[in-house]
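The values are calculated or read from the model by the stated rules, or taken from the named source; none is laboratory data. Keep in mind that what you see is a predicted model, and the values were worked out from it rather than measured. For neighbour counting, all protein chains shown are included, and Cβ atoms are generated from backbone atoms with ideal geometry for every residue, glycine included.
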Amino acid sequence: MDGFPRSCDDRRTYELGNRDPAFAGGFVSITLRCVDRAGHLAADLVLEDDAGRYPRAHAAFGFQTEPAALDHFIECLRNVERDRFGSASLAMR
């Protein structure tokens, strides 16, 4: 996510977890893309729960955001990784 966007055509997808219900923990996909040449961004997310403890669940949604909000989100993610505690949220525009 660092350095996004490099151009107005930049599009990146990050996937964590596994969609296979045989694996615990679920799945998340985050796609970042530019929506215009002014640098406004969109984040598209897909969340899937594993079926181990609860009925299988799926959610997909998207929202617009800005590069500064993404930079703050990345900084918060780094802090969570370093501290092994905390949270990170990406602000909508």
Would you kindly identify the strands (runs of 3 or more DSSP E) lying entirely within the chain that contain at least 3 residues that are out of contact with any Gly (no Cβ under 9 Å at 6 or more places or on another chain)?
11-17, 27-34, 58-65
Filter result (surrounded by 10 or more Cβ atoms within 10 Å (Cβ to Cβ) and within 29 Å of ALA22 (Cβ to Cβ)) within segment 64-89
LEU77, VAL80, GLU81, ALA88
Only residues in segment 43-63 that are within 10 Å of GLY26 (Cα to Cα) count as the first member; pair them with residues that are basic (Lys, Arg) and surrounded by 12 or more Cβ atoms within 10 Å (Cβ to Cβ), Cβ under 7 angstrom, at least 6 apart or cross-chain, and list the lot.
GLU48/ARG19
Looking only at segment 4-46, filter to residues that are farther than 20 Å from ASP71 by Cα and touching a Phe, Trp or Tyr at 6+ places or on another chain (Cβ under 7 Å); which one of those is modelled with the highest pLDDT?
GLY17
Checked segment 47-63 for anything surrounded by 12 or more Cβ atoms within 10 Å (Cβ to Cβ), modelled with pLDDT under 95 and out of contact with any His (no Cβ under 6 Å at 6 or more places or on another chain); matches are LEU47, ASP49, ASP50, ALA51, GLY52
